[in-house]
């Protein structure tokens with residue numbers, strides 16, 4: 001469930017197709033077919049993993065934005 005969207009993205013990029021559309025389509029199919037077939041405990045673990053990855057990625061983006069504000073020479077002062 002965690003590696004499937006990543007592999008789908010890699011295949012789409014390798015074939016020069018849209019990786020974002022591939023991940024979205026994969027998410028729809030996973031929620032329709034795979035989610036009903038896993039246990040409630042596994043659903044909670046997957047939800048925690050997805051939330052952790054999402055928050056971590058968001059923090060990295062904001063960290064890079066903050067560093068970029070002071071790291072580059074701006075033409076105006």
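Coordinate-derived values only; no laboratory data. The structure displayed is predicted, hence computed values, not measured ones. Note that each Cβ is placed from the backbone with ideal geometry, even for glycine, and that neighbours are counted across all protein chains shown.
Quick one: which residue in 17, 10, 63, 30 is touching a residue at least 24 places away in the same chain (Cβ under 8 Å) and surrounded by 10 or more Cβ atoms within 10 Å (Cβ to Cβ)? 30 is the lone residue from the list that is touching a residue at least 24 places away in the same chain (Cβ under 8 Å) and surrounded by 10 or more Cβ atoms within 10 Å (Cβ to Cβ).
Reported count of residues in the range 33-50, each being surrounded by fewer than 12 Cβ atoms within 10 Å (Cβ to Cβ) and either more than 12 Å from residue 2 (Cα to Cα) or in contact with a helix residue (DSSP H, G or I) (Cβ under 9 Å, 6 or more places away or on another chain) (or both), is 7.
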